[in-house]
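Read through the structure below, which is laid out as structure tokens, and then see the notes.
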Amino acid sequence: MTIRNRLTLRFTGLVSSILLLAFVSIYAFCWYFISLDFYRRLDRKANTAGEMLIRHRLDAQLIRQLGRIRKDQLPNQKIMAFDNRDSAIFTSNDTLLLTIPKSVLASIRKNKRKDFQQGSYYVTGIRFMTASGQYVVVASAVNVYGDEFLRNLLWSLMGLFCLIAGITAFSGWFFAGDALRPMQQIDRTVSNIFPHNRDERLLIDRDDDEIRRLSVTINRLLDRIAESFRLQRMFVANVSHELKNPLTQISSQLEVSLLNQREPEAYRQTIRSVLDDVRDLSNLTHELLQLSQVSQDDAVGLLTDVVRMDELVWDIRDNVNGINSRYQVVVGFGPLPDDPDQLTVRGNKTLLTTALKNLTENACKFSDDGQALVHVTFDRDRLKISVENNGKPIPLTDLPYIFEPFFRSRQTADVRGYGVGLSLVERIIRLHRGRIDVRSKDGSPTVFQIEIPR
């Protein structure tokens, strides 16, 4: 069932329930007051007949004649009087057959008065106390006009209920469609976006309502999806390029080696060259595996170590200094806390080592003098690490893309690497709920600033 039909049914059901309650209340009140008024008229008839017959002991025939003369007779009016032995001592309008059970007479004597219906007759009974015993006078009649009014009222209310329910259903269906029209427009627009026009976005209304907020959210989602597609295309293109070069070199060298008979030394040189290319492929595959394995979904299972960051920085300094004799890492610390626990962070030691080593090695690699300065500051709430060098500044146009996989600036095109390291660093820091920023401009050192919450 569509939302439009569901809203229509709910709206119609709610209005119909309220309307039904109101109409039932109206009918019940009308029935109560019409019946009460008719019973009062019967009560006056019974009292009058009882006074004349029992109190004043008028002749029964005279009472019948007076009843026929009076113009206020009720439709099918009948009055009966019973003595203490339940014998009828007076009956008017003998043409009407109405039998009062003895149990009802006993109830009237017990309760002094009783109003009830017997068939189509409204009946009122009254007890009269005399020295000779208890008498009961019963007056009955048919409420022709009242019952007719109630029947007409019932049919009128039923017809009005059906009419209003129909109008409500149509109005609910119309207004639900009008309210959901922006949703239908969103559905059509989003359905047409992919794969033809990924740059199209939803229109944003001026009204600050749920539809506007939903449109803004969908546009942000589409932006992220488009960015993911762009990164995926760039990733595939860069991986293809990085894999194509060593594979082409391997294929070319092997084909050249097979063209002519060569000396063993020439074959050994070819094999060594092919091994170098295979190592490059292995290193690239290893970095790609590392990049793919670092995901935000793995944070719960990975961040289980208590890492002493001061010890980790010293280990990275020794490691990077041993990679190249030209590299020199200088480590500095801010004020050290008295509590040794403030030197630690909750995380993954292997991943943090990989991230800081990549940053430090890059700083030495792109520094003019091969030197990198690592400075660590411990706060109560967070840990700050800065890695800086005095190499050429990163071009301003390249700064937004340096953390994307396989992105390489033109000034680093002749430096050995794959463009995966900084992307891996950024993912590791984000995995630890931290952030990384970079500052680079002419006349100032290039600084990578890391903040990790403790």
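As a summary of the residue check, R127 satisfies the conditions (1) surrounded by fewer than 13 Cβ atoms within 10 Å (Cβ to Cβ); (2) within 13 Å of I54 (Cβ to Cβ); (3) without any contact (Cβ under 8 Å) to a residue 24 or more places away in the chain except for the one numbered (1).
Residues are listed down the side, and each one gets a yes or a no for (1) at pLDDT 85 or above; (2) buried (at least 17 other Cβ atoms within 10 Å of the Cβ):
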position: R64; (1), (2): no, no
position: K71; (1), (2): no, no
position: K78; (1), (2): yes, yes
position: N84; (1), (2): no, no
position: T95; (1), (2): no, no
position: K102; (1), (2): yes, no
position: L105; (1), (2): yes, yes
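Given the criteria of a type in the set (A, V, I, L, M, F, W, C), modelled with pLDDT under 80 and in contact with a strand residue (DSSP E or B) (Cβ under 7 Å, 6 or more places away or on another chain), does L303 qualify? It is true that L303 is of a type in the set (A, V, I, L, M, F, W, C), modelled with pLDDT under 80 and in contact with a strand residue (DSSP E or B) (Cβ under 7 Å, 6 or more places away or on another chain). The residue of the range 1-58 that is nearest to the chain's Cα centre (by Cα), among those that are within 25 Å of N143 (Cβ to Cβ) and either of a type in the set (S, T, Y) or part of a loop (DSSP other than H, G, I, E, B) (or both), is S25. Can you find a residue that is surrounded by fewer than 19 Cβ atoms within 10 Å (Cβ to Cβ) and within 18 Å of I428 (Cβ to Cβ) anywhere in the range 363-382? Yes: one or more hits.
Mind checking which pairs have a first residue in the range 415-438 that is farther than 23 Å from D277 by Cα and a second that is among the basic types (K, R) and at pLDDT 85 or above, Cβ under 7 Å, 6 or more apart or different chains? Between residues of the range 415-438 that are farther than 23 Å from D277 by Cα and residues that are among the basic types (K, R) and at pLDDT 85 or above, the close pairs are I429/R435.
Listed by first and then second residue, the pairs with beta-carbon distance under 9 Å, at least 6 apart or on different chains, first residue in the range 370-385 and in contact (Cβ under 8 Å) with a residue 24 or more places away in the chain and of a type in the set (G, A, S), second in a strand (DSSP E or B) and crowded, with 20+ Cβ neighbours inside 10 Å, are G370/N389; A372/V329; A372/V387; A372/E388; A372/N389. Looking only at residues of the range 184-202 that are closer than 14 Å to A226 by Cβ and either modelled with pLDDT of 75 or more or among the acidic types (D, E) (or both), we find that the one that is surrounded by the most Cβ atoms within 10 Å (Cβ to Cβ) is V190. Residues that are under 19 Å from L356 (Cβ atoms), assigned to a loop (DSSP other than H, G, I, E, B) and not small (G, A, S) within the range 433-448 comprise R433, P445, listed in sequence order. What number of residues in the range 1-26 are surrounded by 16 or more Cβ atoms within 10 Å (Cβ to Cβ) and within 18 Å of N152 (Cβ to Cβ)? Of the residues in that region, 1 qualify.
The values are calculated or read from the model by the stated rules, or taken from the named source; none is laboratory data. Worth saying up front: this structure is predicted, and the values here are computed from it rather than measured. Here the Cβ is made from the backbone with ideal geometry for all residues, glycine too, and neighbour counts use every protein chain on show.
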